[in-house]
Amino acid sequence: MAGSCWYKDVLPFSAMVAVECTNVGLNTLFKAATLKGLSFYVFILYSYAIATLLLLPLAFIFRRPGLPTFKLSLLYRIFLLGVLGFSGQLCGYKGIEYSSPTLASAMGNLTPAFTFIFAVIFRMENLALRSSITQAKIVGTIVSISGALIVVFYKGPTIISAASQSPSLSFHFSLGSSQTDWIIGGLLLAAEYLLISIWYIVQTQVMKIYPSELTVVFLYKLCATIISAPVCLIAEGNSSDWRLRPDIALVSIIFTGLFGLPFTTVVRTWGLHLKGPVYVSIFKPLSIAIAAAMGVIFLGDALCLGSIIGAIIISVGFYAVVWAKVKEELSEDHCNGSLGSSSDGKIPLLHSYKAEGI
């Protein structure tokens, strides 16, 4: 009995916390590497290539039997995933370079709100304005976007000042980064999560056509690598930047390629199968606290009032959308006897998290 409780409750909780820590840790590591001179074009291409090579054998070893025929139209959709994913990565890592991992974590909670908007546009979500569920989604979306605007455009007084660091942890970074850089970083991060939301919509359609997570994720990474190669090679013309040395830049690339892309996807998918999409989603705001702590400790970032207020508001909006999804799934379960199903066969919004591979 105790073993079953550990597997169903303690292990998923620990795994989800580990995933959020991993994501924030990798963002912090990337920020530290860029402060040492790593080009984010080099970082993106190498990390994509490593993830693709790692997923290549796994896609064949764990390929499901009885899958439908792979059609050319499906390849077009996966190629579109590659374009969206690569564009999102460009915006995201450039945004972190301009701002901080804490801002990236705060802005990440916009994803459900953006996804809800696009799901309505593409008629994957029904909009019944008199329903309390729909009203909660709309209010949550508006609140989340309002919180993001506060985080981006209002820094406020410093709550935790930049700590003096030892030489080994100093990255020679101007902690008082300009307000303009902060705004540019916030807008780039907002663009990243906007693209990720569109990625979820397309990915949902792909998974309906070809329900094999590892195969789809491998092909997506392969397309993203092919797309990113000429762009990154042209954008970063300095050949010396492509020669990696055994320093923090190499560590950042290897860890992101091995853990940031494949590991977190596998753990999230396992959590989805065991506990459901809502359970996995509620850990997202935890990354804000983790990022703030790591930023202050390892990067010497100052923690400002605007970031705290905005993050709280975004989290409130986030949980409003999640609450609405819980109520919707319970209502559908009561009516149809199937959790998360709907009478018209549409896939619920947060179920698009299932094969998250960006």
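The values are calculated or read from the model by the stated rules, or taken from the named source; none is laboratory data. Please read these numbers as outputs of a predicted model, since none were measured by experiment. Cβ placement follows ideal geometry from the backbone for every residue including glycine, while neighbour counts extend to all protein chains displayed. Accessible surface is based on the protein model in full, side chains and every heavy atom, while ligands, DNA and RNA are left aside. Shrake-Rupley method; radii C 1.70, N 1.55, O 1.52, S 1.80 Å.
Applying 0.36 nm per residue to the separation of L305 and F70 and subtracting their alpha-carbon distance, the gain on full extension is 79.5 nm. Applying 1/(1 + (r/R0)^6) with R0 = 30 Å to the Cβ-Cβ distance of T180 and L330 gives a FRET efficiency near 0.05. In sequence order, the stretch 242-249 has phi-based couplings of 7, 8, 8, 10, x, 9, 5, 5 Hz under the Karplus curve 6.51 cos²θ - 1.76 cosθ + 1.60, θ = phi - 60°, and Gly or Pro positions carry x. Taking every protein chain into account, the 1.4 Å probe leaves E328 with about 30 Å² of accessible area, to the nearest ten.
Under 20 Å from the 7 Å Cα→Cβ point of I61, by amide nitrogen: which residues of the stretch 183-218? So the set is 212-218.
Within the assembled protein chains, the solvent-accessible surface assigned to D181 is about 50 Å², based on a 1.4 Å probe. Accessible surface for K71 stands near 130 Å², nearest 10, in the context of the full protein assembly shown (1.4 Å probe).
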